[in-house]
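Below you'll find the structure, written out as structure tokens, and then a few comments.
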Amino acid sequence: MATTVTPDAISTILSNPSPDSASDLPQIVVQVLDLKLTGNRYMFNASDGMMSVRAILPSNLSSEVISGNIQNKGLIRIMDYALNEIPTKSEKYLIVTKCEVVSPALEMEIKAEVKTEEEQQNENKTKGPGFIFKTKQDMVAKSAAQIVQEQRNMAPASRMAMTRRVHPLVSLNPYQGNWTIKVRVTSKGNMRTYKNARGEGCVFNVELTDEDGTQIQATMFNEAAKKFYERFQLGKVYYISKGTLRVANKQFKTVQNDYEMNLNENSEVEEASNEAAFIPETKFSFVHIDELGPYVNGTELVDIIGVVQNVSPTMSIRRKSNNEMVPKRDITVADDTKKTVVVSLWNKLATTVGQELLDNADNSPIVAIKSLKVGDFQGISLSTLGRSTVLINPDVPEAKKLRSWYESEGKGTSMASIGSGLSPIAKGGVRSMYSDRVSLSHITSNPYLGEEKPVYFSIRASISLIKPDQTMWYRACKTCNKKVTDGMGSGYWCEGCQKNDDECSLRYIMVVRVSDGSGEAWISLFNNEAEMVIGCCADELDKFKSKEGEENLFQLKLKEATWAPHLFRVSVTQNEYNNEKRQRITVRGVAPVDFAAESKFLLEEISKKVSQ
């Protein structure tokens, strides 16, 4: 095994800061010195015994350090790199994008004999020509437009054989200058408008994937958004240059990358139609339906795959922000966990993909959906965003496995909604009925809770009062569950479905008082949660109320529901009524008390108190 460095390795790197091809690089073996973690990346001094340069290992090589393959005072062979100037630093940084371990840690630092300038010149004369120094013009990487134009002027075989410098996404950082990437558009968001103190504008995002499977999100504003919105097409491959990078905002990032890309109107984007096969398709990270609990009301988006069980008609929803009507369609999907979940398709997805699913609903198509928001409506529900992607009957292994399960077993299996009868302990224990547990006094004693955005808690309480004279339900459309009014002549008119029906259903919307050891509070319940508390649907309770006789079944049903303990998952918000802000507590999930699990939870809480 080699135990020495390549003479003048650092001079070789400095003379060729942006090599045209990794395959043409000479052997460059350096010693790793002063290896340490800085932020989320490892930095070190790359030394050839005479000279050294500060070097950075990208995050995908961190595992090599953690596993002990790359060690301080060890040797590595640099197989690809980029030399970048950092504006805030006077020195240059070597970005090692590909390397292999030559030797583990040596006993000491390698130091070569330092020669005088005269000795070095004499040696160079003896050896003949040394390194070839390129001009600055030769060093500048070609733009995407130049690369594509040269390709068009060449035969296909020549284009394939042509060596060009395409940077892998993993090598990019905010301090690089010129770069060109080759990527596929694996997700494209809708054009959105915004208004802030600086005025109005528009913006859209795309997710880009290179041939290594690395992803990055690119954002375009205003003129750039208008210029590139139609040019970027989902699934196509492009050469992109003249963009900028910045550290990704973890709250909004949708891909696993430390950086996000911005493209302006001067950026260059050219389609690479003949090389589409070399870039991977849309990447999914599927979550089973029964594992969605930990993601409820979180910032992390999920991908799911399932068999379509039901498709609703398109309905129009009025957006609160601008009073605009937007189309929406709900689909119910199931997977091999024998659970179902409702996915709301919005805007174009509701009218295009949603209509295609409705037309093929009898064939039980399989859908793979990327970038879904997990909400707590009806326990757990999913919604598409502008960047969401829906594929029908995708050619992926998971789809084939799911189809096989559905045809052999799933078609005749009884499915249960993931939101109904929500388990007190969600899988993974995150945001379950036992997380964020507080007393009622914790909520009622803080009038400012939920002032900026809803906050969520879990409580254990008993219903102490249900007012029998309140309006406990509303007449709802049997298709979309929205409120209906008396129709013209007869029947009931639904504004959402824009149709008249002969029948409607009743759905709960009620307020009850709950109590625990610390106090009491009024909470709001909607249909699914109220059914679990009352023990019957609103139509059935209405029939009890209408019956006359000595035994009032309506009052008896309400009495049975009181003083029964429940676990509630609640949201706390601030509502304004008569110019006065009031706290509103809404039940988002309810479950009966599992006394064994409750005892275990209390013992854990006691242990925490004792250990403090």
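Numbers at a glance
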{"item": "All positions within region 322-373 that are free of Cβ contacts under 8 Å to residues at least 12 places away in the same chain and in contact with a strand residue (DSSP E or B) (Cβ under 8 Å, 6 or more places away or on another chain)", "result": "E324, M325"}
{"item": "Members of region 513-563 found to be in a helix (DSSP H, G or I), within 37 Å of the chain's Cα centre (by Cα) and hydrophobic (A, V, I, L, M, F, W, C), listed by number", "result": "A530, M532, V533"}
{"item": "Matching residues, region 253-269, being open to solvent by 50 Å² or more (accessible area, probe 1.4 Å) and farther than 17 Å from N173 by Cβ", "result": "N264, E265, N266"}
{"item": "Which numbered condition S490 misses (of (1) modelled with pLDDT under 90; (2) in a helix (DSSP H, G or I))", "result": "(2)"}
{"item": "Residues of region 366-376 that turn out to be under 13 Å from D303 (Cβ atoms) and open to solvent by 10 Å² or more (accessible area, probe 1.4 Å), as a count", "result": "2"}
{"item": "Search result, residues across region 331-350 that are open to solvent by 40 Å² or more (accessible area, probe 1.4 Å), modelled with pLDDT of 90 or more and under 20 Å from C480 (Cβ atoms)", "result": "V342, W346"}
{"item": "Filtered residue count, region 522-554, keeping only those that are of a type in the set (S, T, Y) and either at pLDDT 90 or above or surrounded by 15 or more Cβ atoms within 10 Å (Cβ to Cβ) (or both)", "result": "1"}
{"item": "Any hit, region 545-568, residues being charged (D, E, K, R) and touching a residue at least 60 places away in the same chain (Cβ under 8 Å)", "result": "no"}
{"item": "Residues of region 218-252 classified as under 21 Å from L391 (Cα atoms), assigned to a strand (DSSP E or B) and open to solvent by 20 Å² or more (accessible area, probe 1.4 Å), total", "result": "0"}
{"item": "Cβ-Cβ under 8 Å pairs, at least 6 apart or on other chains, region 97-113 side of a type in the set (G, A, S), far side loosely packed, with under 14 Cβ neighbours inside 10 Å", "result": "S103/M1; S103/A2; S103/T3; A112/P7"}
{"item": "Index of the failed condition, N363 passing every other in (1) loosely packed, with under 14 Cβ neighbours inside 10 Å; (2) closer than 26 Å to M191 by Cα; (3) of a type outside the set (A, V, I, L, M); (4) at pLDDT 90 or above", "result": "(2)"}
{"item": "Top-ranked residue of region 293-330 - restricted to ones that are in contact with an Asp or Glu (Cβ under 7 Å, 6 or more places away or on another chain) and at pLDDT below 80, ranked as least open to solvent (accessible area, probe 1.4 Å)", "result": "V296"}
{"item": "The lone exception for T479 - which of (1) of a type in the set (V, I, T); (2) open to solvent by 50 Å² or more (accessible area, probe 1.4 Å); (3) modelled with pLDDT of 85 or more it fails", "result": "(3)"}
{"item": "Residue tally, condition closer than 24 Å to N190 by Cβ and either polar (S, T, N, Q) or part of a loop (DSSP other than H, G, I, E, B) (or both), over region 333-353", "result": "4"}
{"item": "Of all residues in region 452-476 being polar (S, T, N, Q) and touching a residue at least 60 places away in the same chain (Cβ under 8 Å), the one that is surrounded by the most Cβ atoms within 10 Å (Cβ to Cβ)", "result": "S458"}
{"item": "Scope region 29-52; condition at pLDDT 85 or above, open to solvent by 60 Å² or more (accessible area, probe 1.4 Å) and in a strand (DSSP E or B); matching residues", "result": "D34, K36, S52"}
{"item": "Residue ranges of strands (runs of 3 or more DSSP E) in region 163-217 with at least 2 members crowded, with 20+ Cβ neighbours inside 10 Å", "result": "180-188, 199-209"}
{"item": "Region 194-222 residues that are among the aromatic types (F, W, Y), paired with ones that are open to solvent by 10 Å² or more (accessible area, probe 1.4 Å) and not in a strand (DSSP E or B) (beta carbon under 9 Å, 6 or more apart)", "result": "F204/N190; F204/M191; F204/Y229; F221/N264"}
{"item": "Top-ranked residue of region 555-564 - restricted to ones that are charged (D, E, K, R) and open to solvent by 70 Å² or more (accessible area, probe 1.4 Å), ranked as farthest from I380 (Cα to Cα)", "result": "K559"}
{"item": "Failed condition for P26, given (1) surrounded by fewer than 16 Cβ atoms within 10 Å (Cβ to Cβ); (2) within 40 Å of the chain's Cα centre (by Cα)", "result": "(2)"}
{"item": "Residue that is at negative phi and open to solvent by less than 50 Å² (accessible area, probe 1.4 Å), where the choices are G589, G519", "result": "G589"}
{"item": "Matching option when the condition is crowded, with 18+ Cβ neighbours inside 10 Å, at pLDDT below 90, at positive phi and not charged (D, E, K, R), among G421, G386, G429, G379", "result": "G379"}
{"item": "Qualifying positions in region 564-597 - part of a helix (DSSP H, G or I) and modelled with pLDDT of 85 or more", "result": "F595"}
{"item": "Unmet requirement for L14, which otherwise passes all of (1) surrounded by 15 or more Cβ atoms within 10 Å (Cβ to Cβ); (2) in contact with an Asp or Glu (Cβ under 8 Å, 6 or more places away or on another chain)", "result": "(2)"}
{"item": "Residue check for L567: open to solvent by less than 20 Å² (accessible area, probe 1.4 Å) and either of a type in the set (V, I, T) or more than 38 Å from the chain's Cα centre (by Cα) (or both)", "result": "no"}
{"item": "Residue within region 477-487 that is touching a residue at least 12 places away in the same chain (Cβ under 8 Å), under 26 Å from P565 (Cα atoms) and outside any strand (DSSP E or B) present", "result": "no"}
{"item": "Checking I28 against (1) closer than 20 Å to S171 by Cα; (2) in contact with a Leu (Cβ under 7 Å, 6 or more places away or on another chain), the condition it does not meet", "result": "(2)"}
{"item": "Any hit, region 64-74, residues being of a type in the set (A, V, I, L, M), free of Cβ contacts under 8 Å to residues at least 12 places away in the same chain and either assigned to a strand (DSSP E or B) or farther than 20 Å from Y259 by Cβ (or both)", "result": "yes"}
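The values are calculated or read from the model by the stated rules, or taken from the named source; none is laboratory data. Note that the coordinates shown come from a computational prediction; the quantities given were computed from them, not determined experimentally. Ideal geometry is used to build each Cβ from the backbone, glycine not excepted, and the neighbour counts take in all protein chains shown. Areas reflect the complete protein model, heavy atoms only, side chains present, ligands, DNA and RNA absent. Shrake-Rupley method; radii C 1.70, N 1.55, O 1.52, S 1.80 Å.
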